[in-house]
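A short worksheet on the structure shown next.
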Amino acid sequence: MPFLVDSIAIARPAGRVAVSLGFMPLTDAAPLIVAQQEGYFAAEGLDVSLSREASWANIRDKVLVGALDGAQMIAPMPLAMSLGLGAPVTPMTTLLTLSVQGNTITIAQSLLDAIAPGAALERPLSAAHLKAILPELTARRGRLLTFAAVFGISTHMLQLRDWLSAGGIDPDRDLRVIVVPPAQTVAQIEAGNLDGFCAGEPWGSWAAARGVGQPVALSSDITPGMPEKVFAVRADFAARAPQTVSALIRALVKAGAWCDTPANRAELARRLAAPDLLGLPDAVIAASLTAEPPFTPRFHQFSGPWQRPDFGAGQALLTGLKRWRLVPPETGSAAVAHCLRADLFDLAFSADQGA
């Protein structure tokens, strides 16, 4: 269905409604930033303040206590919060998917040199090449190699583990997998504390620009079409502020369409480069947005039918989480259904909204 908000008469909230939203310094925070800068939030009667956070745990905890009304989240986070994994049980509502794709598996340059000294690397790189030298490297270093994902229950953790497993590496036995916030991944490689990571852009590109690592596989190579970032609020917020929820959804859908317009991609990189946002050179941010190698034209997607919360996609995520024992094995489909509120998404575009 086309989401043409201006084509239907929808009641806006009376007066300006103050809303505080959190985001991480990642390329796929773009819809929230664009909705603010292009005035889409304001046009919906919202006075939005955006808060850049240092980690996904910060976002989780601030939403949990009400310091943030909503936030950009990794797709499995609302389910994990609803189940009380890592924090008190907090029923959550996913209102829409903000993006699909967007992550890279990035490996330290020193490790790549050991895998294929002086040779061009295939992309996507199979972890089987790492498997072939892993025993020797482990013995030489006297420790297991260390890889990182950006949050414990995340698409990144699934993709990293799936990539390693496909190459014959057991991520729970053959090396260490830890959690490092995305903005710290490159510094940890530079310090020699990490051998690789899975994180959203632009951190793989920043590792390449610094000469300390290279993206060797894309999330679109590993789990194509998987929901990446979502916009979520506490379930009690959604229940008590339905008009505000609808306004947020409409603004973010408009922003996603702006971000997906090819002519806007270079300008988007320039905006995201601002010191109070990502704080990196716009050329580094532009690489994945404008499909410079190794990226593909559909690596970042911000708009499409998949923005509407989809039970099938949520169930596929749950299957992956269960495979790697990241959620209790008894977790059922009902838990996914309670988080994904396609009905609220549809209501935002209904002519009856606000009647």
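The values are calculated or read from the model by the stated rules, or taken from the named source; none is laboratory data. Every value quoted in this text rests on a predicted model; they were computed, and no experiment measured them. All Cβ positions, even for glycine, are placed from backbone atoms using ideal geometry, and neighbour counts span all protein chains on display.
Could you tell me whether Thr146 is surrounded by 15 or more Cβ atoms within 10 Å (Cβ to Cβ), more than 20 Å from the chain's Cα centre (by Cα) and either of a type in the set (Phe, Trp, Tyr) or not assigned by TED's automatic domain parsing to the domain that holds Pro281 (or both)?
Considered against the rule, which asks whether it is surrounded by 15 or more Cβ atoms within 10 Å (Cβ to Cβ), more than 20 Å from the chain's Cα centre (by Cα) and either of a type in the set (Phe, Trp, Tyr) or not assigned by TED's automatic domain parsing to the domain that holds Pro281 (or both), Thr146 comes out as yes.
Among the residues of region 99-116, none qualifies, meaning not one is more than 24 Å from Ala209 (Cβ to Cβ) and of a type outside the set (A, V, I, L, M). No other residue among Val233, Val216 is in a strand (DSSP E or B) and more than 23 Å from Leu64 (Cα to Cα) apart from Val216. Put simply, of Val89, Val100 the only residue that is buried (at least 20 other Cβ atoms within 10 Å of the Cβ) and at pLDDT 95 or above is Val100.
Out of Arg240, Arg210, report the one residue that is more than 22 Å from Leu112 (Cα to Cα), over 18 Å from the mean Cα position of the chain (by Cα) and modelled with pLDDT of 95 or more.
Sole residue among the options that is more than 22 Å from Leu112 (Cα to Cα), over 18 Å from the mean Cα position of the chain (by Cα) and modelled with pLDDT of 95 or more: Arg240.
Every listed requirement among (1) out of contact with any Leu (no Cβ under 9 Å at 6 or more places or on another chain); (2) closer than 28 Å to Leu160 by Cβ is met by Leu85 save one, (1).
Does region 81-93 contain any residue that is in contact with a His (Cβ under 7 Å, 6 or more places away or on another chain) and among the polar types (S, T, N, Q)? Yes, region 81-93 contains at least one residue that is in contact with a His (Cβ under 7 Å, 6 or more places away or on another chain) and among the polar types (S, T, N, Q). Within 21 Å of Val179 (Cβ to Cβ), touching a Phe, Trp or Tyr at 6+ places or on another chain (Cβ under 8 Å), of a type in the set (A, V, I, L, M) and assigned to a strand (DSSP E or B) - does that describe any residue in region 74-83? The answer is yes, given that some residue of region 74-83 is within 21 Å of Val179 (Cβ to Cβ), touching a Phe, Trp or Tyr at 6+ places or on another chain (Cβ under 8 Å), of a type in the set (A, V, I, L, M) and assigned to a strand (DSSP E or B). Go through the residues of region 110-126 one by one and say whether even a single one is in contact with a His (Cβ under 6 Å, 6 or more places away or on another chain) and among the small types (Gly, Ala, Ser). Taking every residue of region 110-126 in turn, none turns out to be in contact with a His (Cβ under 6 Å, 6 or more places away or on another chain) and among the small types (Gly, Ala, Ser).
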